[in-house]
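The values are calculated or read from the model by the stated rules, or taken from the named source; none is laboratory data. These numbers come from a predicted model, not from an experiment. Cβ sites come from the backbone with ideal geometry, for glycine too, and all protein chains shown count toward neighbours. Accessible surface is based on the protein model in full, side chains and every heavy atom, while ligands, DNA and RNA are left aside. Shrake-Rupley method; radii C 1.70, N 1.55, O 1.52, S 1.80 Å.
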Amino acid sequence: ISNALASFSPFSQGNLSKSSPSKSSKLSAGPSMPPPPVPEPPAEVAAQPSSYALSDEDYIEWKCVLKACQASPDSVEPLRQLASKPKLLNWRSPVSGQTLLHEIAERGASGTTVESAVKLGCSASLPNSRGETPAAVLVRKSAGSVVSSGSRVGSMTRNSMGRGRMPSMPVDDSFGSDFSQSLQMPSQQLLQPSGFGFSPASLPRQQQQVQQTAQSAPASAMFRKRGKVLATNACTSVPKANICFSMNLQQNADLDTDQLEKSIQAAYGRGAKVQIDEVEEEAPEARRGASSSAAAVSAPRRQMAKCRVMFDSVEEARSAQQMSTCSRAVQSIVATSLGIEGSAVDFEGSASMDEVDAITLKLDSDSSQILCGACLLYNDRNECEKVVCYSDRSSSNGSVRHSGDTQVDGKSVHTVGVVQSQIPREVTQLFFSICSCAPHDLSGFKNPSVMLYANNQPDANLLEYSINQAAKSTSSVLAKMVRQPARSPGDCAVLARMLRKKFKMPLLCIDLCLAMAAETRWDIQALGTQEWNMPEKICGSYTPCQRLIEAKLRSGEGGGSGSGSAAAASV
C-alpha cells in the first residue's frame, strides 16, 4: 500500500520525469522545494486467508476432517489427511470463522498437540474471524479453566485478592520461543480484535450507565415497573424488542386490566407479551376544561393505561409499531373486546419501539449481607467456558460482566450484565448461581429475588421471580438462559436441499447463506428448586456448582440448545 501511494505522490521521481519541460524549469528555477515526505513503514498486518473458494469435493473433504477434529481434538491424526494440501489445512471457514487449528485449540487440545499440528503445516499466526490466533485461544481457555476450577482463586479470600485481577498462568514452552512469548503477553492484548467486529472496551457502556444509575439512586426511591412473574421451573423467551404506549379509554366502569391485556394481545398476535404498568384516571378538572360543571358531570370517565408489548422478533415489533401509527386496527380490536365504541379508544401520542439487546440480571434482597451471584458460561459440548464472578468480572470479549460487591440503599446488590448479540457463538447456555457469603445459609436473607431488565429501560422489569425454595441451602443455581435457534435442523435441511436443487448452489455457498440467515433467541428458566441447591459455599471456588450443572446436563435435566446449523454436505 505504501509503495502504491508513493508512486502517486506529486514529488515522486516518476511523476516529475513525466512533467513537461516548462513545468520542470519552473520548479527548478523557483525556491528550493522541501524533500518528499518519507512514507512510514507499513504496520504489521496479521496474515489473512488468500482465498475462501473451495470446490464441492474439497469442501466435503475439509468438513470430514473438521468433524474428526471436533470428535478427537487432542489428536493430529485427522490433520495428517490434509498434510499434502496446505490450503485445506489452513483454510479458514467463512461460516465458523475458524481454521482447523483454532478448532482443536477451542476444544481443549494440549500444547503438545498444537505444537505437532504446527509442525505438520498448520499456521500459528492466522487469526480467526474474532482476531484471535491459536495462542490467544489457548490463553482464553486456560484463563477460564483456572478461574472455574478454583484451584488458584478458591484459596484466596475477598480481602486478599485484588478486584478483577487474574492469577498468573503457567506457560508451555513446547511451541518454541515465539509462541511462548505470545502466551506470556497480557490476555487483553492477545484477545484484542484486529478489525473483526467490536472492541471489548466499547461493550459495557450501557451496563456502566445502568450501574451508575442504580448506585446513585436508592432502591426504595426508584419506582420499578413490574415484569412477567415466572413460576418455579417456568420458561419464557427473553424479548428482542418492545413497544411502549399510553392508551386512553372512555368508559364509566372500572377498567378490567385482565380483559384489556387479552384484547391488546389479540390485536398484536399470540407472540406478543403484554404488560400493563399503570392505570390512571383523568381528574374531573381536566375533563371540565372550559365547559360548565354540568357538562363535566355528564362527560364520560376517561382512564389511561400505560402498556408495554414485548416481541421475540425486532421485525415483528417494527410492524406492530407501524400498525399502531398508521391505522386504527389496534383501537378497533380493543374497543370491540371491551364492548365500547371505537372512538372511545385512542393512543396518547405515538407508540415508541426499543430493541432489547443489553440486559441485566439483578439479585436483590432486604439484607446488607452479601448475596453473591455469578454466571457460568457453557458451550455446545456442555463444557464450562468461563465463570464471571466478583473476582473475575468479565468474559473474554466483555459480553457478560459482573458488577462486583455493591450496596444500594444499604442493601447488597449483585448484577450481571449480558449483551445477547455479542455472546460468542460457541456459548449456548448461561447458568446463574447465588451463594450466601455471610449468613450460614440463604435463610438469612429476607425476600431474595431476581429481576431481569433491559439496560435502556432500567426502571421496567422484563421478568422477575422470588427465590423461595433455597432457604436452607448455602448455594443454589437460580436460573439459566439457553440459546435456541429460530429454525429447526429439519427446516435447515429443507432449505439447503432447495438451494442445491433449484439454484445449483455450491455446498460452501449453501452453508454460508444459512449461517448468514441464522437467527437465535434466548430463553430463560427459573430454577432454585431443591435439586439445584448445594451445601457448599461456592464463592471463589465454583467446582461444586460445575459438577452439579454438568451432572444435570448429562442426565438431560439441564436443558440445551438445538442445532440450527446447516448440513449442506448431506444434501
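Going by what's in this entry, would Asp392 be described as at pLDDT 90 or above and out of contact with any Phe, Trp or Tyr (no Cβ under 8 Å at 6 or more places or on another chain)? First the steps, then the outcome.
Working: at pLDDT 90 or above: yes; out of contact with any Phe, Trp or Tyr (no Cβ under 8 Å at 6 or more places or on another chain): yes.
Taking the combined requirement at face value, the residue satisfies it.
Residue count for the stretch 290-305, restricted to those that are open to solvent by less than 70 Å² (accessible area, probe 1.4 Å) and either modelled with pLDDT of 90 or more or within 20 Å of Ser343 (Cα to Cα) (or both): 8.
Please find, among Leu101, Leu88, the residue that is free of Cβ contacts under 8 Å to residues at least 40 places away in the same chain, in a helix (DSSP H, G or I) and surrounded by fewer than 23 Cβ atoms within 10 Å (Cβ to Cβ). Let's see the steps before the verdict.
Numbers: Leu101 fails: surrounded by fewer than 23 Cβ atoms within 10 Å (Cβ to Cβ).
Answer to the check: Leu88.
Within the stretch 325-343, the residues that satisfy the criterion of being open to solvent by 50 Å² or more (accessible area, probe 1.4 Å) and in a helix (DSSP H, G or I) are Thr325, Cys326, Ser332, Ile333, Thr336, Ser343.
Only residues that are of a type in the set (Lys, Arg) and either assigned to a loop (DSSP other than H, G, I, E, B) or crowded, with 18+ Cβ neighbours inside 10 Å (or both): list them for the stretch 520-549, please.
Result: Lys537, single match.
Just one residue in the set Ser421, Ser436, Ser476, Ser449 is open to solvent by 50 Å² or more (accessible area, probe 1.4 Å) and hydroxyl-bearing (Ser, Thr, Tyr); that residue is Ser421. The strands (runs of 3 or more DSSP E) found entirely in the stretch 344-410 that carry 1 or more residues being buried (at least 22 other Cβ atoms within 10 Å of the Cβ) are 345-347, 358-364, 371-379, 384-388, 400-402.
Residues that are closer than 17 Å to Arg226 by Cβ and not β-branched (Val, Ile, Thr) were ranked within the stretch 266-278; the one that is nearest to the chain's Cα centre (by Cα) is Lys273. Among the criteria (1) under 16 Å from Asp357 (Cα atoms); (2) free of Cβ contacts under 8 Å to residues at least 40 places away in the same chain; (3) among the polar types (S, T, N, Q), the one Gln407 does not fulfil is (1).
Here Leu508 clears all of (1) part of a helix (DSSP H, G or I); (2) surrounded by fewer than 23 Cβ atoms within 10 Å (Cβ to Cβ) except the condition numbered (2).
I'm trying to understand the selection: among the residues of the stretch 220-252, which are more than 27 Å from the chain's Cα centre (by Cα) and open to solvent by 60 Å² or more (accessible area, probe 1.4 Å)? Scanning the stretch 220-252 gives Ser220, Ala221, Phe223, Gln250, Asn252.
All of (1) more than 15 Å from the chain's Cα centre (by Cα); (2) on the phi > 0 side of the Ramachandran plot hold for Gly398 with one exception: (1). Here Ala517 clears all of (1) crowded, with 16+ Cβ neighbours inside 10 Å; (2) among the small types (Gly, Ala, Ser); (3) free of Cβ contacts under 8 Å to residues at least 40 places away in the same chain except the condition numbered (1). Screening the candidates Lys472, Lys480 for the property of being closer than 30 Å to Lys537 by Cα and either among the hydroxyl-bearing types (Ser, Thr, Tyr) or assigned to a loop (DSSP other than H, G, I, E, B) (or both) yields one hit, Lys472. Listed conditions (1) open to solvent by less than 60 Å² (accessible area, probe 1.4 Å); (2) modelled with pLDDT under 80 are all met by Glu106, apart from (2).
Filtering the stretch 488-505 to residues that are under 15 Å from Tyr59 (Cβ atoms) and either among the small types (Gly, Ala, Ser) or part of a helix (DSSP H, G or I) (or both) leaves Ala496, Leu499, Arg500.
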